[in-house]
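The values are calculated or read from the model by the stated rules, or taken from the named source; none is laboratory data. Note that the coordinates shown come from a computational prediction; the quantities given were computed from them, not determined experimentally. So basically every Cβ, Gly included, is an ideal-geometry build from the backbone, and we count neighbours across all protein chains shown. The area values use the complete protein model at the heavy-atom level, side chains included, leaving out ligands, DNA and RNA. Shrake-Rupley method; radii C 1.70, N 1.55, O 1.52, S 1.80 Å.
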Amino acid sequence: MHKIVFITAHNWDTKRQGGFHKFAEAACLSGIQTVFFSFPRPYYGLIMHREQINRSVIRTLSKGKKYPASGKKDSPELLNVTFPTFRVPDGMGRFLPEKFMNWLLTHSFIGFKRFCKKYLSETDCFVFESCEGVAFIEPLKKLFPEAKMIYRPSDPMVYDSVPERVKKLERNILYKADLSIIVNQEGLEAYRKSIPEFDSKVKYTILSNGIDIDSYTKKYDCPELLRDKKSVLYVGAWEVEWPLLFKACDSDPDLNYIVVCPNYPSQEIQKRIKEYNNLHYVPGIKPSEVPSWITNCNVVMVPYVTDFYKDRPLGITAKYYQAMAAHKPIVAYCDTPKLKDAGVVVTYDYDDFTREVRKAMEKSSCDYSYDLSGREWKEVCDRFISLCS
């Protein structure tokens, strides 16, 4: 394989690092020309101030920017680009026809064919993430008829919270991709329930997310925020149940509750957070810093929004792998009951959550029955590149 393109919702330079970063890094370091195509980045994003979508990001990536794949100066470089389009917010779908919404999503002041000729020429394999970039499968198949088309949904888009227009785009790529690489059994079951004739019409395999297990077994200098009191820590990209944390902080003022998440809470929530001395919000940290935070906290929490797991059954995700590898006590709220089989405490009630956090504080470490073998990133990446070749 000479060249691979990852079509992803992420920027290369980000505080939220997922599997696509690891796959792209591995491809680049193995000598494959690698492009990280960040999409969608709409023109209205020029007035936004989000980490992934803002004026600086859109202008920089529209010109293309090269980064050392491993973060080291002497590392092979990959290219991060974007294709800004006329995409409008999903809410406009109430007033605009679906076909026009998709046209706006995929069209720009410059032609897509011209963009592909400049940045994507000679690509052997396109890998799509579960984002609106899946809309490009048909034009890319026409422009690159010999290229392999892979769909790797980190988060399936079949759930209730996803617009019907986007669900149709995902259904289309599942049928038309050369291979779909599904993360876990929960994702597979979600597709089987939602996609007609899934097993007969979709070519797929399962390949889990990974973890750098060794990095969660080392000792690091303790981040300043974790030093003063015993700490309960969440590091993730999904929203948390803030009312639960307000109640927990009221119940246990001697514990520090810390949320590290690049998705800013509402102004109202931020105002409430400031009323507490033992509740702290951090708008993301560098991916390389995550092990030092996980290994130095007392308890890892995963306090998802109430009933979130019913709409998005994500299964046992990488944030749990991290805490398990570090042998940290884990207390979850409103996540899959399957976690209990692995030895993770899962609660569905505010009082139970605070009670279990107190119990977890009495433990210095925990062992789990969940098998992390085969989930080391190197093994996962090697198999991924083999599937794409």
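With a ≥ b ≥ c the root eigenvalues of the C-alpha gyration tensor of segment 186-232, is it rounded (a/c under 1.5), prolate (a/b larger than b/c) or oblate? Since a/c reaches 1.5 and a/b is larger than b/c, the shape of segment 186-232 is classed as prolate.
Over the chain, with the other protein chains present, what is the accessible area per residue in square angstrom, probe 1.4 angstrom?
On the way: 18290 Å² over 389 residues.
Spelled out: the 1.4 Å probe surface of the chain, per residue, equals 47 Å².
Counting only the heavy atoms of the protein chains, how much of Asp351 is accessible to a 1.4 Å probe, in Å² to the nearest 10? The value for Asp351 is about 80 Å². Projecting the alpha carbon convex hull of segment 34-129 along each direction and taking the average yields 7.5 nm².
For each pair in Lys176/Lys319; Lys193/Lys286; Lys72/Lys218; Lys142/Lys167; Lys117/Lys176, compute the distance between the two Cα atoms and list the pairs where it is over 26 Å. Let's see the in-between values first.
Numbers: Lys176/Lys319 32 Å; Lys193/Lys286 37 Å; Lys72/Lys218 21 Å; Lys142/Lys167 22 Å; Lys117/Lys176 23 Å.
Violating the 26 Å limit, Cα to Cα: Lys176/Lys319; Lys193/Lys286.
Taking Cα centre as origin and charging only the Cβ of basic (Lys, Arg, +1) and acidic (Asp, Glu, -1) residues, the dipole magnitude of the chain rounds to 1540 debye. Using every pair of distinct Cα positions in the chain, the Kirkwood expression returns a hydrodynamic radius of 22.1 angstrom.
Rank Lys22, Lys141, Lys338 by accessible area, highest first, at a 1.4 Å probe radius? It would help to have the intermediate numbers written out before the result.
Values: Lys22 35, Lys141 75, Lys338 105 Å².
Accessible-area ranking of Lys22, Lys141, Lys338, largest first: Lys338, Lys141, Lys22.
Just check segment 259-342 against the gyration tensor rule for me: Cα atoms, a ≥ b ≥ c as the square roots of the eigenvalues, rounded for a/c under 1.5, and otherwise prolate or oblate depending on whether a/b exceeds b/c. Verdict is oblate for segment 259-342.
What is the chain's relative contact order, in percent, from Cα pairs under 8 angstrom and six or more apart in sequence? Mind dumping the intermediate values first?
Numbers: 700 pairs, mean separation 54.0, N = 389.
Relative contact order here is 14 percent.
For segment 302-311, 3J(HN,Hα) computed residue by residue from phi via the Karplus equation (6.51, -1.76, 1.60; θ = phi - 60°) reads 10, x, 5, 4, 3, 6, 3, 5, 6, 7 Hz, glycine and proline entered as x.
With a 10 Å radius around each residue's Cβ, average the other Cβ atoms per peptide and rank 26-33, 115-122, highest first. Numbers along the way, then the final one.
Values: 26-33: 18.4, 115-122: 14.2.
Highest mean packing first, the order is 26-33, 115-122.
The value of relative contact order for segment 220-288, using C-alpha pairs under 8 Å at least six residues apart, is 33 percent.
Rounded to the nearest 5, what % of DSSP beta bridges with both residues in segment 1-150 are antiparallel? Numbers along the way, then the final one.
Values: 5 of 23 bridges.
That works out to approximately 20 percent antiparallel.
Here's the picture: a label point sits 7 Å out from the Cα of Trp103 along the beta-carbon direction, and within segment 55-91 the residues with their amide nitrogen under 17 Å of it are 85-89. In this structure, the amide hydrogen of Lys230, modeled 1.01 Å from its nitrogen in the peptide plane, lies closer than 5 angstrom to those of Asn256, counting only residues at least 5 positions away or on a different chain. With all protein chains in place and a 1.4 Å probe, the accessible surface of the chain carries 50 percent carbon and sulfur.
So what does the Cα-only Debye profile of segment 222-279 read at q = 0.17 Å⁻¹, as log10 I(q)/I(0), no solvent term? Scattering profile of segment 222-279, log10 relative to I(0): -0.54. If you average the C-alpha positions of segment 15-29 and of segment 361-389 separately, how far apart do those two centres end up, in angstrom? Each part reduced to its Cα centre gives a spacing of 15 Å. Each 10 Å bin from zero up to the one holding the largest Cα-Cα distance in segment 64-202 carries the following percent of pairs: 10, 35, 35, 18, 2, 0.
At a threshold of 8 angstrom on Cα-Cα distance, excluding pairs fewer than six apart, so keeping six or more, what relative contact order does segment 1-149 reach in percent? It would help to have the intermediate numbers written out before the result.
Values: 253 pairs, mean separation 42.7, N = 149.
Relative CO of segment 1-149 lands at 29 percent.
Taking Lys and Arg as +1 and Asp and Glu as -1, the other residues whose beta-carbon sits under 14 Å from that of Ser373 total -1.
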